[in-house]
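Student: This structure is in structure tokens; I'll ask about it shortly.
Each reported figure results from applying straightforward, stated rules to the coordinates on display, with no laboratory input. If you're wondering where the values come from, they're calculated on a predicted model, not measured in any experiment. Positions of Cβ are backbone-derived with ideal geometry, glycine not excepted, and every protein chain shown enters the neighbour counts.
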Amino acid sequence: MGKLDKQLALKLLKQMMEIRKFEDKVMELLAKNIAEGGSHLYAGMEATGVGAISVLREDDYITSTHRGHGHAIAKDGDLKTLMAEILGKRTGVCKGKGGSLHLADLSKGNLGANGIVGGGIGIATGAGLSIKMQKQDKVVICFFGDGATNNGIFFECLNMASLWKLPVIYLCENNKYGMSVSVERASSVKDLTKKALAFGIPSESVDGQDVLAVREVVGKWVENARKGNGPAFIVSNTYRYYGHSRSDPRIYRTREEEKFWRERDPILIFSSKMKEMGILTEEEIKEIDKLTDKEIEEATEYAINSPDPEPEELYTDLYA
Amino acid sequence: MREITYRQALNEAIDEEMQRDKKVFIFGEDVAIYGGVYGVTAGLWKKYGDERVMDTPISENAIVGTALGAALTGMRPVAEIMYIDFIGLCMDQLNNQVAKIRYMFGGKCKVPLTIRTEGGAGRTLGAHHSQSLESWLIHIPGIKVVMPSIPYDAKGLLKSAIREDNPIVFIEHKMLYNIKGPVPEEEYTLPIGIADVKKEGKDVTILTYSRMTLFSLKAAEELEKEGISVEVVDLRTLFPMDIETMVNSVKKTNRVVIVEEDCKTGGTGAEIGMKVIENAFDYLDAPIIRVAGADVPMPKSRVLEKLAIPDVERIKAGVKEVLK
């Protein structure tokens, strides 16, 4: 885990801004019907994905979720091919066959977003097994939401990972709601960290709006796993700004609650802190902001102007 | 040529592939110390140890999901689902993850994963240990489905399955494990997706697979004495289906009986029959006949179990019917 210096601060801030602006842009494209289908937006949760992935090496793996744009960007994703994929274009990272729910880039260690809640947990656990069998020192971060902790595969895989001491960090992004149903209404145990106790897996919660806090906690357990000491379970407390998807009227949560969380905005928290600590100046922050705006515009233009897949591509890429 | 059992043929296939490629490993319930519920992996744990022959918890969904993760990241798992009846427990992983991941990712990954399982009736094990669920699987693009009937095919096809960079569900039959047949000492593989004419004939084509191939051959032998010449085509792979071999046989005989152990409605035979109609309708001189499993949960009673799946007499009756 690198020391907090200007270079690292710039990287963390830039990635969080990229995700925020990317998601705002996707929302805009959805509203204009330029983007079709569903998209679950990561805005508000940037500190968790960016902080956690920032402690990984390039050759480490992640598995992502249905809310996966942020993870894909943080795992060194290319804004242009990601945006093109969301529009279902041939130039997309998955050639227009995956879409928002299936952003993946194995060359960058991203084993994929997933349309099934908990769908990445098996893959992550298997990647951990594979690492162990090949005697590598890689680590997997397995992202999932609070809703997935009520799903069977979560329990099956945590048991296996603990039994075989697999290098997997199970990172629960607790954004309080599984679509509309709150953790309180869905989980018998409200403190989700307790769910790991049954498997003898160490667990810890973290302020998911503070990128440095996420880095510290995830970094500690990643290094522990890299040494062969097995999995950890981390609950990152966070919040999604947008609804579950574009059609969500957000009737299950209050505007006061939304305001409370928006005041705990991960980008604002980090920017202020960097200014206070004298690591970044207001001008530098504005400059990154402007640069990111430009990159998002370029990515959007690239995506919109990209061709659709050719009809004959319907049957390609199914079998090796 | 030496004769070995279907079980031994499968065991040799896995053993040889494990020797050949260090990335191959066995993963499933009771596969290590116990050697598999039907003994297919017997002896391999002693030979290769815990690292490559792994007993898993009873967690079918995690077995398939984890095997997929390992396959994506450099390993070549041979996972076992003890009974095909348990496949419902891992259908999400199989259908939503294993089968689709390569396509969803634009072809940018390989899934060298073999899932061995075993199905079929015959041991009076009742409704949860006797099913034939292959039709569920051929409905999922992205996986291949292999169902061998004899030791020679079992070995050659399993070796090919393990070497293939695609996910394959390899369905054995519990009543075939003790059946012996000729298997060469020398190494060989068989191509996936190619049917085999197990017996040539000129009057009627039987299209079948797995254990029903043996029943069909017995029926054909008996019918021969009555002057009826039956060709028996063993599909061996259900997806992709070898249409060419099927059509060539239909062109010769002009009459088709499909013999399948699975439930008739929505069964594999329906797909086989439509493939014939789509590709060889003009050559048919009579409607296709299906001799299939009854549309009931498999009953325990020996008497009822026998009635629930095709037998030699019913296959013979089907052949005579198509000749009317």
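Student: Quick one: grab the alpha carbon gyration tensor of the range B:196-323, order the square roots of its eigenvalues as a ≥ b ≥ c, and give me rounded if a/c is under 1.5, else prolate or oblate depending on whether a/b is larger than b/c.
Tutor: Details: a/c = 1.79, a/b = 1.30, b/c = 1.38.
Oblate is the answer for the range B:196-323, as a/c is 1.5 or above yet b/c matches or exceeds a/b.
Student: Further question on the same structure: Return, ordered by residue number, the residues of the range A:70-89 whose backbone nitrogen is under 20 Å from a label point located 7 Å along Cα→Cβ of A:E58.
Tutor: A:71-82
Student: Excluding A:G128 itself, calculate the net charge of residues whose Cβ lies under 10 Å from the Cβ of A:G128, where each Lys or Arg counts +1 and each Asp or Glu counts -1. Intermediate results must be reported in sequence, preceding the final value.
Tutor: Values: positive: A:K132, A:K138, A:K165; negative: none.
That sum, taken over residues with Cβ under 10 Å, equals +3.
Student: Ok, one more. Mind listing the long-range amide H neighbours of B:E231? Cut-off is under 5 Å, sequence gap 5 or more, other chains count too, H placed in the peptide plane at 1.01 Å from N.
Tutor: B:G201, B:K202, B:D203, B:V204, B:T205, B:I206
Student: Using Cα pairs under 8 angstrom and six or more residues apart, how large is the relative contact order of chain B, in percent? Could you put the intermediate results ahead of the total?
Tutor: Values: 739 pairs, mean separation 53.0, N = 324.
The value is 16 percent.
Student: Could you tell me whether the range B:43-138 comes out rounded, prolate or oblate from its Cα gyration tensor? Rule is a ≥ b ≥ c as square roots of the eigenvalues, rounded for a/c under 1.5, then prolate if a/b exceeds b/c, otherwise oblate.
Tutor: Values: a/c = 2.37, a/b = 1.20, b/c = 1.97.
Verdict is oblate for the range B:43-138.
Student: For a bin width of 5 Å, list the pair-distance distribution of the range A:90-141 built from all Cα-Cα distances, rounded to whole %.
Tutor: 5, 19, 25, 22, 14, 11, 4, 1
Student: Provide the per-residue ³J(HN,Hα) series for the range A:141-152, in order, calculated from phi with Karplus coefficients 6.51, -1.76, 1.60 and θ = phi - 60°, each as a whole number of Hz, with x at glycine and proline positions.
Tutor: 9, 9, 8, 7, x, 4, x, 5, 6, 9, 9, x
Student: Multiply the residue gap between B:K306 and B:Y283 by 0.36 nm, knock off their C-alpha separation, and tell me the result in nm, one decimal place.
Tutor: 4.9 nm
Student: Determine the dipole magnitude for the range B:3-182: charges of +1 sit on the beta-carbon of Lys and Arg, -1 on that of Asp and Glu, nothing else is charged, the reference point is the Cα centre, and the result goes in debye to the nearest 20.
Tutor: Values: 20 positive and 21 negative charges, 101 e Å.
Magnitude of the dipole: close to 480 debye.
Student: R0 = 51 Å: FRET efficiency of A:S182 with B:T124, Cβ-based, nearest 0.05?
Tutor: Details: r = 50 Å, r/R0 = 0.97.
The calculated FRET efficiency here is 0.55.
Student: Evaluate the charge dipole of the range B:164-241 about its Cα centre and quote only its size in Debye, nearest 20, assuming +1 on the Cβ of each Lys and Arg and -1 on the Cβ of each Asp and Glu. Could the numbers behind the result be given before it?
Tutor: Values: 9 positive and 15 negative charges, 74 e Å.
Charge dipole of the range B:164-241: 360 debye, to the nearest 20.
Student: Report, ordered by chain and residue number, the aspartates and glutamates lying within cross-link reach of B:K23, taken as a straight Cα distance under 15 Å and ignoring same-chain residues fewer than 8 apart.
Tutor: B:D15, B:D50, B:E51, B:E164, B:D165
Student: Okay, moving on. Give me the percent of Cα-Cα pairs in the protein assembly as shown that sit more than 30 Å apart, rounded to a whole number. Mind showing how you got there, number by number?
Tutor: On the way: 120548 of 207046 pairs.
Value for the protein assembly as shown: 58 percent of Cα pairs lie more than 30 Å apart.
Student: Can you return the lysines within cross-link range of B:K306? Criterion is Cα-Cα under 26 Å, with same-chain partners fewer than 8 residues away left out.
Tutor: B:K174, B:K180, B:K198, B:K199, B:K218, B:K225, B:K264, B:K316, B:K320
Student: For a Förster distance of 56 Å, can you work out the FRET efficiency between the beta-carbons of B:D21 and B:A294, rounded to the nearest 0.05?
Tutor: On the way: r = 43 Å, r/R0 = 0.76.
About 0.85, to the nearest 0.05.
Student: Where Lys and Arg each count +1 and Asp and Glu each count -1, what net charge lies around B:V247 among other residues with Cβ under 12 Å from its Cβ? Write out the running numbers ahead of the final one.
Tutor: Values: positive: B:K251, B:K252, B:K275; negative: B:D242, B:E244, B:E278, B:D282.
Charge balance in the 12 Å sphere: -1.
Student: Here is a further query. Run the simple label-point estimate for A:E256 and B:T265 please: 7 Å along Cα→C-beta, distance reported in nm.
Tutor: 5.6 nm
Student: Search the structure for amide H atoms under 5 Å from the amide H of B:I4, placed 1.01 Å from N in the peptide plane, and list their residues when 5 or more places away or on another chain.
Tutor: B:G181, B:V183
Student: Something else now. Where Rh denotes the Kirkwood radius from the mean inverse Cα pair distance, what is Rg over Rh for chain B?
Tutor: Values: Rg = 19.3 Å, Rh = 19.9 Å.
Ratio of gyration radius to Kirkwood radius: 0.97.
Student: With θ taken as phi - 60° and the coefficients 6.51, -1.76 and 1.60, list the Karplus ³J(HN,Hα) couplings across the range B:171-188 in order, rounded to whole Hz; mark glycine and proline as x.
Tutor: Karplus values, whole Hz, x for Gly and Pro: 9, 8, 10, 4, 8, 9, 4, 8, 6, 9, x, x, 9, x, 5, 6, 6, 7.
Student: Still on this structure: When A:H71, A:H102 are ordered from fewest to most other Cβ atoms inside 10 Å of their Cβ, what list results? All intermediate terms of the calculation are to be shown ahead of the outcome.
Tutor: Working: A:H71 30, A:H102 24.
Least crowded to most crowded, the residues run A:H102, A:H71.
Student: Counting only residues 5 or more places away or on other chains, whose amide H sits under 5 Å from the amide H of B:F25 once H atoms are built in the peptide plane?
Tutor: HN-HN under 5 Å from B:F25: B:R76, B:V78.
Student: Quickly estimate the mean residue ellipticity at 222 nm for the protein assembly as shown, helices only: each DSSP H run with n ≥ 4 gives -39500 (n - 2.57), and the total goes over all residues, rounded to 500.
Tutor: Values: 22 runs with 252 residues, N = 644.
Mean residue ellipticity at 222 nm (helix-derived): -12000 deg cm²/dmol.
Student: What is the extension gain from B:K47 to B:I33, computed as 0.36 nm multiplied by their sequence separation minus the C-alpha to C-alpha distance, in nm to one decimal? Spell out each step's value before the answer.
Tutor: Working: separation 14, 0.36 × 14 = 5.04 nm, distance 1.12 nm.
Difference between extended and current length: 3.9 nm.
Student: I need the calculated FRET efficiency for the pair A:E216 and B:I58, taking r as the beta carbon distance and R₀ as 45 Å, to the nearest 0.05.
Tutor: Values: r = 38 Å, r/R0 = 0.84.
The calculated FRET efficiency here is 0.75.
Student: Which ordering of B:D30, B:D196, B:D262 is given by a fewest-first count of other beta-carbon atoms within 10 Å? Before the final figure, lay out the partial values.
Tutor: Values: B:D30 15, B:D196 19, B:D262 23.
Lowest to highest Cβ neighbour count: B:D30, B:D196, B:D262.
Student: Within the set B:K252/B:K324; A:K190/A:K273; A:K97/B:K110; B:K144/B:K300; A:K108/B:K144, which residue pairs have Cα atoms separated by over 20 Å?
Tutor: Values: B:K252/B:K324 18 Å; A:K190/A:K273 31 Å; A:K97/B:K110 16 Å; B:K144/B:K300 31 Å; A:K108/B:K144 28 Å.
Checking Cα-Cα distances, A:K190/A:K273; B:K144/B:K300; A:K108/B:K144 exceed 20 Å.
Student: Between A:K220, A:K89, A:K80, which gets the highest mean-square fluctuation from a Gaussian network model of chain A, Cα cutoff 10 Å?
Tutor: Greatest mean-square fluctuation among the candidates belongs to A:K220.
Student: Here's another thing I want to ask about it. Taking loop as defined by DSSP and a crowding limit of 16 other beta carbons within 10 Å, which trypsin sites (Lys or Arg not before Pro) in the range B:284-313 fit? Could you put the intermediate results ahead of the total?
Tutor: On the way: sites: B:R290, B:K300, B:R302, B:K306; in loops: B:K300.
For trypsin sites (Lys or Arg not before Pro) across the range B:284-313 that sit outside H, G, I, E and B with at most 16 neighbouring Cβ atoms in 10 Å, the list reads B:K300.
Student: On to the next question. Each residue of the range A:211-224 in turn: what ³J(HN,Hα) in whole Hz from Karplus with 6.51, -1.76, 1.60 and θ = phi - 60°, glycine and Pro shown as x?
Tutor: Here the 3J(HN,Hα) series is 4, 6, 5, 4, 4, 5, 5, 5, x, 4, 6, 5, 5, 4 Hz.
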